[in-house]
Amino acid sequence: MRILVSEGTSRMGRSLLQRLSEEHRLRVARPPGGETPEAPGIDVVDADLYDPEGARAAVSGVDAIVHTGPAGPPALPPGDSYEGERALLDRATRGTSVLLQAAVEARVSRLVHCSSLEVFHEVPDDIYVSDQHRPRPGTAMGRLGHHLAEQVTREFARDHALGVTVLRLGRMVREDEVAAGSEPDLGWLDPRDAAAAVELALGRDNAGARSWIGRWQVLHVCHLPPHPKFLLDGIRGMGFEPRHNFRRQWAARGAA
């Protein structure tokens, strides 16, 4: 499969390139002034995916897109300025629309959109959260941006023959880099497990579903703690089992 990965320099992006390059032909978008992904054999295209011309160049000839989002709440510019918040909101809404419009025009059939479990920031930890749970992101622009970007993907799946899988990913942290005594987080996710979930989501071929409900699906992805908050029934039903479950951290807390 020919796949466009929206970036390849974050933890998530590097893990994706490493996992997907064995089976697929990959293209990575490098924005103006951006870093070059450290992965041999990857087609790197200089393109701003939030600009119509750049998006069209990047998606040309691909079968699927993995839009990393980025994974986790996007960072605001220094000072959390009003202009910074406006830029973030523009990226999440208009920017996502630009990329998806280019995908539709190029007849790309599959999109994996990486959102965040942070859209449930205001849901208490003692409530089970399924894939169907209504998001409660609050008003922080990073979390709200993720929620609004999800809605953009839903409307495109409603109106076009585009299969969209929204993966609400947990907070990225490598299991081998966390000290044993660190306070564990119910939403942790090792980027290697995140890449495995993306690979499974790429296997969904639902662009031809007659109803938009069949074309748009939301799945939760994180590790499996002893007493979970986030239910992973949907992605586990596709064969996903996280390999990195931070057992040392939970054992140190006495919750193993």
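The values are calculated or read from the model by the stated rules, or taken from the named source; none is laboratory data. In this text the structure is predicted, and so the values were computed from the model without any measurement. No Cβ is skipped: glycine too gets one built from the backbone with ideal geometry, and neighbour counts run over all protein chains shown. Quick note on the areas: whole protein, heavy atoms, side chains included, nothing else; ligands and nucleic acids left out. Shrake-Rupley method; radii C 1.70, N 1.55, O 1.52, S 1.80 Å.
Per-structure values
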item: The stretch 210-231, residues that are open to solvent by less than 30 Å² (accessible area, probe 1.4 Å) and assigned to a loop (DSSP other than H, G, I, E, B); result: CYS222, HIS223, PRO225, LYS229
item: Check on ALA102, free of Cβ contacts under 8 Å to residues at least 60 places away in the same chain and of a type outside the set (Val, Ile, Thr); result: yes
item: In the stretch 16-30, the residues that are over 19 Å from LEU111 (Cβ atoms) and either in contact with a helix residue (DSSP H, G or I) (Cβ under 9 Å, 6 or more places away or on another chain) or open to solvent by 90 Å² or more (accessible area, probe 1.4 Å) (or both); result: GLN18, GLU22
item: Any chance GLU155 is surrounded by 16 or more Cβ atoms within 10 Å (Cβ to Cβ) and not in a loop (DSSP other than H, G, I, E, B); result: no
item: Residues (open to solvent by less than 10 Å² (accessible area, probe 1.4 Å), among the hydrophobic types (A, V, I, L, M, F, W, C) and in a loop (DSSP other than H, G, I, E, B)) located in the stretch 185-208; result: LEU202
item: Scope the stretch 168-184; condition in a helix (DSSP H, G or I) and closer than 13 Å to VAL66 by Cβ; matching residues; result: none
item: Test: residue in the stretch 36-56 that is modelled with pLDDT under 90, under 21 Å from ALA201 (Cβ atoms) and either aromatic (Phe, Trp, Tyr) or touching an Asp or Glu at 6+ places or on another chain (Cβ under 9 Å) (or both); result: yes
item: Odd one out for LEU144, checked against (1) of a type outside the set (D, E, K, R); (2) open to solvent by 10 Å² or more (accessible area, probe 1.4 Å); (3) part of a loop (DSSP other than H, G, I, E, B); result: (3)
item: Residues of the stretch 238-253 satisfying the condition of being part of a loop (DSSP other than H, G, I, E, B), free of Cβ contacts under 8 Å to residues at least 60 places away in the same chain and either open to solvent by 70 Å² or more (accessible area, probe 1.4 Å) or touching an Asp or Glu at 6+ places or on another chain (Cβ under 7 Å) (or both); result: GLU241, PRO242, ARG243
item: Among (1) open to solvent by 30 Å² or more (accessible area, probe 1.4 Å); (2) over 18 Å from the mean Cα position of the chain (by Cα); (3) under 21 Å from ARG215 (Cα atoms), the one test that GLU85 misses; result: (3)
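Let's see how each residue does on (1) of a type in the set (A, V, I, L, M); (2) modelled with pLDDT under 95; (3) touching a Cys at 6+ places or on another chain (Cβ under 8 Å):
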position	(1), (2), (3)
ALA157	yes, no, no
THR165	no, no, no
ALA179	yes, yes, no
VAL198	yes, no, yes
VAL221	yes, no, no
LEU231	yes, no, no
